[in-house]
Amino acid sequence: MGLVALRDIEPGQLLIREKPLFTVPSQISSSPASLIWSSLARVTPSDRDTFLNLSYVHFPSHLNPEDHPEEVALAIFQTNAVSAGDTVGIFPRMARLNHGCSSAFNAVYSWRESEGVLVVYALKEIRKGEELLTTYTDTKRPRRHRREYLSTQYGFSCTCAVCSLPSQQSRASDRRLNAMVDKYQRLSTWAQGSISKDEAIKLTNEIWALGEEEGYWSERGRLAADAAWVAAAHSDVDAMKAWALRAKTWYSRELGGDSEQAKEMESVLERPQSHRAWGTRSSTKN
Ligand SMILES: C[S@@+](CC[C@H](N)C(=O)[O-])C[C@H]1O[C@@H](n2cnc3c(N)ncnc32)[C@H](O)[C@@H]1O
């Protein structure tokens with residue numbers, strides 16, 4: 001089962017906003033099955049039913065589910081839980097979203113700590129009848145690695161549009177994704193002063209172009225915000241504003257127009273000198 005659009009959906013539209021049925025700490029020292037079982041004992045009977053109706057994989061094949069309800073609960077949790085700040089939680093509507101890699105996913109979820117909710121936004125235009133797909137992992141890695149991970153972690157062999165590409169096109173996609181990762185890595189060295197402002201902006205533009213070719217639009221808000229940071233550090237008002245505007249647009253799509261990230265970009269657009277990085281690097285040194 002997955003979720004299918006019942007109407008046309010525009011990018012940046014809120015699809016889901018929900019509180020967790022329950023959460024558990026990310027780091028635990030006790031038995032995970034007992035922890036999930038005791039958490040379930042504290043939810044309402046209807047929430048418990050909702051949880052028990054979620055799908056699961058990785059149930060030990062030698063066990064009978066009816067005799068091992070704690071193990072079933074653990075398998076459900078492992079198949080459906082997502083990170084929520086310092087905890088991991090069950091969000092039953094979001095849990096119905098299937099996965100797509102690279103250009104195949106069209107919806108992105110994020111946790112809002114200050115509101116205690118998980119939100120899902122449409123990253124792309126989704127037509128009526130199309131499946132809503134999110135991504136369970138960073139898919140900027142080659143098909144073989146993605147498939148291995150998804151099979152081990154979630155028990156399925158991914159047949160999304162990108163994983164189903166003929167081998168030549170799949171290799172081209174892998175090359176683009178690898179190149180994006182390499183360039184992200186090099187871009188991150190600006191923080192240590194290893195590359196100039198010009199090189200940082202050039203890398204940002206190259207990652208953007210590769211993403212365009214691949215159809216990989218996720219993380220663009222963060223990418224543009226990082227470029228705005230570089231421009232602000234070098235006190236370049238025009239470049240800072242141009243990147244902050246892009247960051248605001250893409251954060252709004254992926255995280256929502258009312259997200260802290262989009263609001264922060266609005267604020268630096270109004271007052272560029274209020275940017276946290278403003279003037280922290282020499283303005284003459286590229
Ligand atoms: C969080 S659940 C998603 C909703 C689930 N399909 C359901 O029926 O409730 C994760 C499970 O969905 C299935 N799934 C998700 N994405 C898939 C995909 N692209 N291809 C095949 N199965 C997928 C796998 O069985 C995976 O373990």
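Observations on the model:
- Single residue of Ala262, Ala191, Ala200, Ala247 found to be outside the structural domain of Ala104 (by TED's automatic domain parsing), surrounded by fewer than 16 Cβ atoms within 10 Å (Cβ to Cβ) and part of a helix (DSSP H, G or I): Ala191
- From Asn106, Asn53, residue being within 12 Å of the ligand (Cβ to nearest atom) and not aliphatic (A, V, I, L, M): Asn53
- Scanning the stretch 140-170 for residues that are assigned to a loop (DSSP other than H, G, I, E, B) and away from the ligand (no atom under 11 Å from the Cβ) yields Lys140, Arg141, Pro142, Leu165, Pro166.
- Residue match in the stretch 56-70 (condition: in a strand (DSSP E or B) and either within 16 Å of the ligand (Cβ to nearest atom) or in contact (Cβ under 8 Å) with a residue 24 or more places away in the chain (or both)): no
- Pairs where the first residue, in the stretch 1-25, is within 13 Å of Ile90 (Cα to Cα) and the second is within 16 Å of the ligand (Cβ to nearest atom) and β-branched (Val, Ile, Thr), C-beta under 7 Å, 6+ apart: Pro20/Ile90; Leu21/Thr50; Leu21/Ile90; Phe22/Ile90; Thr23/Val88; Val24/Ile36; Val24/Val88
- One residue from Gln78, Gln13 being more than 16 Å from the ligand (Cβ to nearest atom), under 24 Å from the mean Cα position of the chain (by Cα) and closer than 21 Å to His99 by Cα: Gln13
- Any hit, the stretch 126-136, residues being crowded, with 20+ Cβ neighbours inside 10 Å, touching a helix residue (DSSP H, G or I) at 6+ places or on another chain (Cβ under 6 Å), of a type outside the set (Lys, Arg) and not in a strand (DSSP E or B): no
- The listed residue being at pLDDT below 95 and outside any strand (DSSP E or B), out of Leu35, Leu21, Leu40: Leu35
The values are calculated or read from the model by the stated rules, or taken from the named source; none is laboratory data. Every value quoted in this text rests on a predicted model; they were computed, and no experiment measured them. Reconstructed Cβ throughout: ideal geometry from the backbone, glycine too, with neighbour counts over all protein chains shown.
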